[in-house]
Amino acid sequence: MPRKPKTTDANPVEAAPASAPAGMTKTAAIRAALKAHPGKQPKEIAELLQADGWDVKAQRVSIVKSAMKAKKKARAAAAAPKAASAAPVAPADAISLDSLKKAKELASQLGGIDEAKAALAALAELVD
């Protein structure tokens, strides 16, 4: 038995009105309108597009708008762990607790903080 001829276009891309750029789909037109008018509601966007010749309903605009938000959140979530996983950077002049304990021990061995300062000053002269 022979097949019936297809009644739809072979190209699944939605047909664009005559005023639209070649190859632009309804979804692309909705995205462009949402970017051009970010503060407008889906109903208002649908009315704008209908005035341009697109057969678009507010529900479709709402779906595209929520998909755009979901992609934006996904990109932000993917970028966040990279920044959070970085090890905290200590300032160059930070001293560790272990170093402070060793300094205290040295000061007590030398007879006090003043003696430890004098010893460190003498050491600095020898190193230079």
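Given the residues Asp98, Asp114, Asp55, which is the only one that is surrounded by 12 or more Cβ atoms within 10 Å (Cβ to Cβ) and modelled with pLDDT of 85 or more? Spell out how you get there, then give the answer.
Numbers: Asp98 fails: surrounded by 12 or more Cβ atoms within 10 Å (Cβ to Cβ); Asp114 fails: surrounded by 12 or more Cβ atoms within 10 Å (Cβ to Cβ).
Exactly one of Asp98, Asp114, Asp55 is surrounded by 12 or more Cβ atoms within 10 Å (Cβ to Cβ) and modelled with pLDDT of 85 or more, namely Asp55.
Kindly indicate whether Lys65 is basic (Lys, Arg), farther than 30 Å from Thr27 by Cα and part of a helix (DSSP H, G or I). Against the criterion (basic (Lys, Arg), farther than 30 Å from Thr27 by Cα and part of a helix (DSSP H, G or I)), Lys65 does not qualify.
For the stretch 21-29, indicate whether the set of residues that are modelled with pLDDT of 90 or more, out of contact with any Gly (no Cβ under 8 Å at 6 or more places or on another chain), on the phi > 0 side of the Ramachandran plot and not in a helix (DSSP H, G or I) is non-empty. Checked against the condition, which is being modelled with pLDDT of 90 or more, out of contact with any Gly (no Cβ under 8 Å at 6 or more places or on another chain), on the phi > 0 side of the Ramachandran plot and not in a helix (DSSP H, G or I), the stretch 21-29 yields no hits at all. For the criterion of being modelled with pLDDT under 95, of a type outside the set (S, T, N, Q), in a loop (DSSP other than H, G, I, E, B) and within 27 Å of the chain's Cα centre (by Cα), Pro2 fails.
The values are calculated or read from the model by the stated rules, or taken from the named source; none is laboratory data. Only a predicted model underlies this, so the values are computations on that prediction, with no experimental measurement involved. Every residue, glycine among them, receives a Cβ derived from its backbone with ideal geometry; neighbour counts consider all protein chains shown.
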